[in-house]
Each structure stands twice: as C-alpha cells, then as structure tokens.
Amino acid sequence: MDLLRVPDPVPTDLLAGLVEVLRDVVQDGASVGFVRVPDVVDAEQWWRRYLAGGWTWVAVEEVQGTTRVAGTVSLRLDQPENAPHRAELTKLLVHRDFRGRGLASRLVTAAEEAAVRAGRTLLVLDTETGSPAEGIYERWGWHRVGTIEGYAVNPDGDVRGTTLFSKVLDEPLDR
C-alpha cells in the first residue's frame, strides 16, 4: 500500500477514489459532515472544495490492475495569525474493505510528520463521542480535551457529541 499526498489539481481517478471512500464511510455510519450518503456529483464537489484548504494524503493499492483509494487523512494548516504553531487533523477515512490493516495509523503518522516538517508543534482534532476512534487516538498519544454535547446529527438522525483531542509534537512519533 502506497501513501501519497494529493496533488493540485487532483487527478480524475484519484478524485473518483476519494468519492468512493467518502460514500462508503458515510454509508457505514460516519457523519463526517453528512447526514445522508452524498451522490457522486455532490461528493466530487465537496472534495474539490475540501482539498483546496489543506494537505491530504491517500493510501492507494493496486487491485486487479486498478489503483484503488483505501483511505485518506488531511492536515489543515490555515490557522489564525495567533496560531502559526497549530494545525488540525481532519477526515481520517478508511474504506471498510481496507480496515484492520494499520492503515489509519500510517496515514496519521504521515500527517504528523508533515506537521513537524511544517513547523507545527500542536495538532487538534475532533471525533464523534462514543466512537471507536476515541480509544484509537488515545493509544496513539492524543490527549482528550473535552466534549461538546449535541454537536452534530449523525446519519441515523441522532444528535451526538464530539470529543476534542490535542497532541503536542515535540516528542518522538512512536506507534
């Protein structure tokens, strides 16, 4: 499995793979900003807007002669003037077909290493309260900051909280 940073402009085949991953994770119950599975056109438009705001990595795998996007993560570096040391980790998405292979860890490590190279020492993220991701981020050295109740509606229509995490990057990146 190869990791690569998404170039600008995004190639058509890579965009199609990102769309597939987004639709898959929303269909599996992740809200990631959606309450229904977006159609292909809406998902493409969303990715085009989203990719303009940061750095995004994808994990790709050759499957029967076709390159398939297995997962993605983004790093939002555009922060306020008083936060040049900070970045936000967003949209860690792994297609159901590729889960359980350590892919999420590899993607987050790539983003953390890029943040260090970009001079960032503090990362923040949020994830749905009660999701398996909370424990995973804690195992990776992220610190739970708190929760915001009633933050977003998930695809099932339930209003859920979000848990905020932070990670200081002045220590070695161990996994």
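Within region 81-97, being closer than 25 Å to G17 by Cα and part of a loop (DSSP other than H, G, I, E, B) holds for one residue alone: H95. Filtered by the rule that a residue be farther than 22 Å from D28 by Cβ and either surrounded by 13 or more Cβ atoms within 10 Å (Cβ to Cβ) or under 17 Å from the mean Cα position of the chain (by Cα) (or both), region 149-169 gives L164, S166, K167, L169. Just one of the listed residues (V10, V60, V21) is of a type in the set (V, I, T), touching a Gly at 6+ places or on another chain (Cβ under 9 Å) and farther than 22 Å from A152 by Cα, namely V60.
If you go through region 122-138 and pick out every residue that is surrounded by fewer than 14 Cβ atoms within 10 Å (Cβ to Cβ) and either among the polar types (S, T, N, Q) or in contact with a Cys (Cβ under 7 Å, 6 or more places away or on another chain) (or both), you end up with 0.
For the condition touching a residue at least 40 places away in the same chain (Cβ under 8 Å), surrounded by 15 or more Cβ atoms within 10 Å (Cβ to Cβ) and out of contact with any Ser or Thr (no Cβ under 6 Å at 6 or more places or on another chain), what is the one hit in R96, R68, R86? I'd like the intermediate steps shown before the answer.
Numbers: R96 fails: surrounded by 15 or more Cβ atoms within 10 Å (Cβ to Cβ); R86 fails: touching a residue at least 40 places away in the same chain (Cβ under 8 Å).
On inspection, the qualifying residue turns out to be R68.
Looking only at residues of region 1-53 that are assigned to a helix (DSSP H, G or I) and in contact with a strand residue (DSSP E or B) (Cβ under 7 Å, 6 or more places away or on another chain), we find that the one that is surrounded by the most Cβ atoms within 10 Å (Cβ to Cβ) is L22. When V69 is tested against (1) in a strand (DSSP E or B); (2) of a type outside the set (K, R); (3) within 13 Å of the chain's Cα centre (by Cα), just one condition goes unmet, and that condition is (3).
When restricted to residues that are surrounded by 14 or more Cβ atoms within 10 Å (Cβ to Cβ) and either outside any helix (DSSP H, G or I) or at pLDDT below 95 (or both), region 100-113 contains 1. When restricted to residues that are among the hydroxyl-bearing types (S, T, Y) and either part of a strand (DSSP E or B) or closer than 21 Å to L4 by Cβ (or both), region 114-144 contains 1.
The values are calculated or read from the model by the stated rules, or taken from the named source; none is laboratory data. Note that the structure is predicted; figures quoted are calculated from it, not measured. We place every Cβ from the backbone using ideal geometry, glycine too, and count neighbours over all the protein chains shown.
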